[in-house]
Amino acid sequence: MNGLKSSLGEIRDAAAGVGQGKAGVEALLCVPATLLTLAAEAAHGSALRVGGETCHAAESGAHTGDVSAEMLADAGATHVIVGHSERRTDHAESNETAALRAGMTPIICIGESLDQRKAGETLEFVASQIAGSIPDGAAAEQIVIAYEPIWAIGTGEVATPDQIDEVHTAIRTRLAERFGADAADLIPLLYGGSMKPGNAAEILAVKDVNGGLIGGASLKAADFLAIYGQAK
C-alpha cells in the first residue's frame, strides 16, 4: 500500500532504465490499482511491464471496493500478485484462477512463518501451499511462483543462500511431479523477502532462483534498476 501520483516519476525512471530490455530478463512493477492505468502509460514503449497487487475471485458483481482480474487487465496489467502472505492473512485470499481467467500471469506467493521454520515445517508447508494454489488445468507456462518467507518481509532479515536453495529445490521437485520435469523447468521461481541491491547478486546466483519479488527496493527506481542490472 504505497504509491501516489507523485510516484510516477520513479516509474518513468524505471521504464527509461529498462529501455527495450535485455535478453532473457523480464522487468515488472506491480502497483496499486489507483496508479495502474497511469503506470501503464508511463511504461509505454519500454520493456517494463505493469501488474496488479491483488484481485478478487469474481469477474464482477456486488463486491464493493474490490478489483477484479478483468479490471486490472483492462487497465493495462499483464500480471497480478496472488496469495501474498499479507492477503492470505488479512483476507484468506488466493485468486490464481481469476488471473488466468482474465488472461494474466499470476505470481503465486508461498512462504512459511518464523514459527513454522523453527518447527522444521517449512518444506511440508510450502508443498501444501503449492498443491492448494495452482489451479487444476493450469499450464506451466502460465504461472510464476514466488517464495517469500513471511519472517523476511519488511524485517531486513534475509534467508541464507542455503535456506533459499533448499526451498527452491523442493519447489522445483514438486512442480516436476505436477507438470513433468521439462515443463517445470520453464516456471520462473522468484525469491522475495528483503532483496536489495547489496544482496541481489548472491541470491540470484542460487540454483533455481530465476528472479526476485522485490519489496521496499522497488519503490525507488535506482534500487530497482540496480537489481535489474544484476539479473541474468
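Looking at (1) free of Cβ contacts under 8 Å to residues at least 60 places away in the same chain; (2) surrounded by 18 or more Cβ atoms within 10 Å (Cβ to Cβ), which is the one condition that is false for G120?
(2)
What's the total number of residues in region 103-142 that are assigned to a strand (DSSP E or B) and out of contact with any Ser or Thr (no Cβ under 6 Å at 6 or more places or on another chain)?
Qualifying residue count for the region: 5.
Just checking, does region 3-22 include any residue being within 22 Å of I108 (Cα to Cα), out of contact with any Asp or Glu (no Cβ under 9 Å at 6 or more places or on another chain), modelled with pLDDT of 95 or more and not hydrophobic (A, V, I, L, M, F, W, C)?
no
May I ask you to verify whether E10 is more than 17 Å from the chain's Cα centre (by Cα), outside any loop (DSSP other than H, G, I, E, B), under 20 Å from V144 (Cβ atoms) and acidic (D, E)?
Answer is no for this residue.
Which of the residues spanning region 73-102 are in a helix (DSSP H, G or I) and either among the polar types (S, T, N, Q) or modelled with pLDDT under 90 (or both)?
Passing the criteria: S85, E86, R87, R88, T89, D90, H91, E96, T97, A98.
For region 211-227, give me each residue that is crowded, with 17+ Cβ neighbours inside 10 Å and not hydrophobic (A, V, I, L, M, F, W, C).
G211, G212, G215, S218, D223
Looking at region 178-187 only, could you name the residues that are of a type outside the set (G, A, S), crowded, with 18+ Cβ neighbours inside 10 Å and either part of a helix (DSSP H, G or I) or at pLDDT below 95 (or both)?
The one that is of a type outside the set (G, A, S), crowded, with 18+ Cβ neighbours inside 10 Å and either part of a helix (DSSP H, G or I) or at pLDDT below 95 (or both): F179.
Restricting attention to region 193-208, and to residues there that are surrounded by fewer than 22 Cβ atoms within 10 Å (Cβ to Cβ) and not small (G, A, S), which single residue is farthest from L175 (Cα to Cα)?
By that ranking, first place goes to P197.
Identify, from the list L190, L175, the residue that is surrounded by 18 or more Cβ atoms within 10 Å (Cβ to Cβ), part of a helix (DSSP H, G or I) and at pLDDT 95 or above.
L175
So which of G215, G192, G211 is closer than 19 Å to I81 by Cβ, touching a residue at least 40 places away in the same chain (Cβ under 8 Å) and touching an Asp or Glu at 6+ places or on another chain (Cβ under 7 Å)?
One residue alone meets the criteria, G192.
How do the pairs read when you match residues in region 130-153 that are more than 15 Å from R87 (Cα to Cα) with residues anywhere that are small (G, A, S) and part of a helix (DSSP H, G or I), using Cβ under 8 Å and keeping only pairs 6 or more apart or on different chains?
Correct list of pairs: A139/A183; A140/A183; A140/A184; E141/A183.
Return the pair list, or none, for Cβ contacts closer than 9 Å from residues in region 35-52 that are under 19 Å from K22 (Cβ atoms) to residues that are surrounded by 20 or more Cβ atoms within 10 Å (Cβ to Cβ) and of a type in the set (D, E, K, R), at least 6 apart or on different chains.
Short answer, once both residue conditions are applied: A43/R49.
Hey, among the residues in region 152-164 that are in a helix (DSSP H, G or I) and under 18 Å from the mean Cα position of the chain (by Cα), which one's modelled with the highest pLDDT?
Of everything passing the filter in region 152-164, I164 is modelled with the highest pLDDT.
State which residue is farthest from the chain's Cα centre (by Cα) when the search covers only region 103-130 and only residues that are of a type in the set (G, A, S) and closer than 14 Å to H168 by Cβ.
A127
The values are calculated or read from the model by the stated rules, or taken from the named source; none is laboratory data. This one's a predicted model, so the numbers in the text were calculated from it and none came from an experiment. All Cβ positions, glycine included, derive from the backbone under ideal geometry; neighbour counts span all protein chains shown.
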